[in-house]
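K.L.:
I have a structure I would like to understand better, so I am pasting it below and will then ask my questions one at a time.
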Amino acid sequence: MRVGVVTIFPDFVKVIKDYGVIAQAVENGLIDIEIFNLRDFTTDKHKVVDDYPYGGGPGMVMKPEPFFRFFEFYSQKYGKPYVLLTSPQGRRLTNNFAQELASKEHILIICGRYEGIDERVSHFVDEEVSIGDYVLTGGELPAMVVIDAVSRFVPGVVEEESVKNDSFYNDLLDHPHYTRPREIEGLKVPEVLVSGNHEEVELWRRKESLKKTMLKRPDLFIKHTFDELDKKALISLFRELMSNAQ
Ligand code: 4HQ
């Protein structure tokens, strides 16, 4: 998958390529992330990228010309990408949206600063994306969040099983995880996890997922479609609770 980013802070965004599974994926050629400095697409001596808003008001607006020049250069070089603009007005990023984006072979993320970008730049934009209802100082962090969430769905970046077990993948939160030692300061690993009984482990994990989702995210729980293991887990969970209550 090819990912382009255009920003006035390329050094800030670059670190997304340097850590963890994304760094490995870049090294293995699974994702090609290329970051461009918008100032390289200015023509004036001072490399100005902002200007005063028509109609007045506070703050500055990003000038359209450097973006137009950048798109001309970029699409000449790489063909037409699916263009994303980070914005609080955009479609909220979810795991499903991330998965949808991962199926595109080529995306380009535009990072805004200041009050925003001249509206005419939206001529090139396929979709606006928001990472949540709060206002940031720029689109760089959202771009990095999008790249991170999308990368996990690019085949080979993380184990497929791991993606499927994660929170949100099937509208449920992830189950708790444990590793060695068996006991620390009196806190023990649940017995079933060391039992070696794979079926029992699966049932326990699903019960914990359902319990956690019901308590912490009832909105997700309500939307969930229950498969056979869910039903078995819920019945077992209910029985447990009833027998504790007796
Ligand atoms: N921005 N999700 C860029 C955001 C934002 C968000 C505010 C985008 C500033 C210039 N982007 N402008 N939330 O807060 O994506």
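The values are calculated or read from the model by the stated rules, or taken from the named source; none is laboratory data. Nothing here was measured: the structure is a model prediction, and the numbers come from that model. Quick reminder, even Gly has a Cβ in these numbers, built from the backbone with ideal geometry, and neighbours come from all protein chains shown. Surface areas here come from the heavy atoms of the whole protein model, side chains and all, with no ligands, DNA or RNA. Shrake-Rupley method; radii C 1.70, N 1.55, O 1.52, S 1.80 Å.
K.L.:
Where the Cα atoms of segment 33-88 are projected onto their three principal axes, how long is each span, largest first, in whole Å?
P.N.:
Principal-axis extents of segment 33-88 (Cα, largest first): 37, 32, 18 Å.
K.L.:
Still on this structure, I have one more. Could you work out what % of the accessible surface of segment 42-179 is carbon and sulfur, using a 1.4 angstrom probe and leaving DNA, RNA and ligands out of the count?
P.N.:
Ligands and nucleic acids excluded, carbon and sulfur give 51 percent.
K.L.:
Continuing with this model, one more query. Could you check the simple spin-label distance between GLU65 and TYR78, using points 7 Å along Cα→Cβ, in nm with one decimal?
P.N.:
Placing both labels 7 Å along Cα→Cβ, they lie 2.5 nm apart.
K.L.:
Can I ask one more? Take the residue pairs LYS80/LYS104; LYS14/LYS45; LYS17/LYS45; LYS63/LYS104 and return only those whose Cα atoms are more than 22 Å apart. Before the final figure, lay out the partial values.
P.N.:
Values: LYS80/LYS104 12 Å; LYS14/LYS45 25 Å; LYS17/LYS45 31 Å; LYS63/LYS104 28 Å.
Flagged as over cut-off: LYS14/LYS45; LYS17/LYS45; LYS63/LYS104.
K.L.:
Run the helix sum for the chain: -39,500 (n - 2.57) per DSSP H stretch of 4+ residues, divided by residue count, reported at 222 nm to the nearest 500 deg cm²/dmol.
P.N.:
Working: 9 runs with 97 residues, N = 246.
So the calculated ellipticity at 222 nm is -12000 deg cm²/dmol.
K.L.:
Got the relative contact order for the chain handy, in percent, Cα pairs under 8 Å and 6 or more residues apart?
P.N.:
18 percent
K.L.:
When ranked by the protection proxy of mean other Cβ atoms within 10 Å per residue, highest first, what sequence do the peptides 231-238, 109-116 form?
P.N.:
109-116, 231-238
K.L.:
Whole angstrom only: what separates the Cα centroid of segment 48-127 from the Cα centroid of segment 1-46?
P.N.:
Using only Cα atoms, the two centres lie 15 Å from each other.
K.L.:
In terms of Cα to Cα distance under 22 Å, which lysines are near enough to LYS223, apart from those fewer than 8 places away along the same chain?
P.N.:
Straight-distance partners of LYS223: LYS164, LYS207, LYS211, LYS212, LYS231, LYS232.
K.L.:
Can I ask one more? For segment 114-246, what does the relative contact order come out to in percent, with C-alpha contacts under 8 Å and a separation of six or more?
P.N.:
Relative contact order, segment 114-246: 18 percent.
K.L.:
Oh, and also: Can you list residues from other chains, or at least 5 along the same chain, whose modelled amide H is less than 5 Å from the amide H of ARG2?
P.N.:
Here the answer is ASP32, HIS106, ILE107, since their amide H atoms fall under 5 Å of that of ARG2.
K.L.:
In a GNM of the chain with a 10 Å cut-off on Cα contacts, which of ASN170, ASN197, ASN28 has the highest mean-square fluctuation?
P.N.:
Among ASN170, ASN197, ASN28, the largest GNM mean-square fluctuation belongs to ASN197.
K.L.:
Taking 8 Å as the Cα distance limit and 6 or more residues as the minimum spacing, I'd like the relative contact order of segment 15-87 as a percentage.
P.N.:
It comes to 18 percent, rounded to a whole number.
K.L.:
Sticking with this one: Under 10 Å, Cα contacts only: if you run a Gaussian network model on the chain, which one of THR213, THR179, THR137 comes out with the highest mean-square fluctuation?
P.N.:
The residue with the greatest mean-square fluctuation here is THR179.
K.L.:
I've got another one for you. If you count the DSSP beta bridges with both ends in the chain, what percent of them are antiparallel, to the nearest 5?
P.N.:
Details: 4 of 25 bridges.
About 15 percent, rounded to the nearest 5.
K.L.:
Skipping prolines and chain starts, which residues have an amide H placed within reach, meaning under 5 Å, of the one on ILE117, given they are 5 or more residues away or on another chain?
P.N.:
Result for ILE117 returns MET62.
K.L.:
Oh, and also: Using a 1.4 angstrom probe, figure out how much accessible area segment 141-206 has per residue, in square angstrom, rounded to the nearest whole.
P.N.:
Working: 4320 Å² over 66 residues.
It amounts to 65 Å² per residue over segment 141-206.
K.L.:
HN-Hα J couplings of segment 86-102 from phi, Karplus 6.51/-1.76/1.60, θ = phi - 60°, integer Hz, Gly and Pro as x?
P.N.:
Karplus-based 3J(HN,Hα) across segment 86-102 equals 7, 7, x, 7, x, 6, 5, 6, 10, 4, 5, 4, 4, 5, 4, 5, 5 Hz.
K.L.:
Something else: Give, to the nearest whole percent, the P(r) tail of the chain beyond 28 angstrom, counting all Cα pairs.
P.N.:
Roughly 48 percent, rounded to a whole number.
K.L.:
Per residue, how many Å² of accessible area does segment 31-79 show with a 1.4 Å probe?
P.N.:
I get 60 Å² per residue for segment 31-79.
K.L.:
To the nearest 0.05, what FRET efficiency results for ASN165 and ASP44 with a Förster distance of 51 Å applied to their C-beta separation?
P.N.:
With R0 = 51 Å, the Cβ-Cβ based efficiency is 0.45.
K.L.:
Using θ = phi - 60° and the Karplus curve 6.51 cos²θ - 1.76 cosθ + 1.60, what whole-Hz ³J(HN,Hα) does each residue of segment 123-136 get, with Gly and Pro shown as x?
P.N.:
For segment 123-136, the Karplus curve yields 3, 8, 8, 8, 7, 9, 10, 10, 9, x, 8, 7, 9, 9 Hz.
K.L.:
Helix 198-216 against the longest principal axis of the chain: what's the angle in degrees, Cα atoms only, rounded to the nearest 10?
P.N.:
Long axis of 198-216 versus the principal axis of the chain: about 60 degrees.
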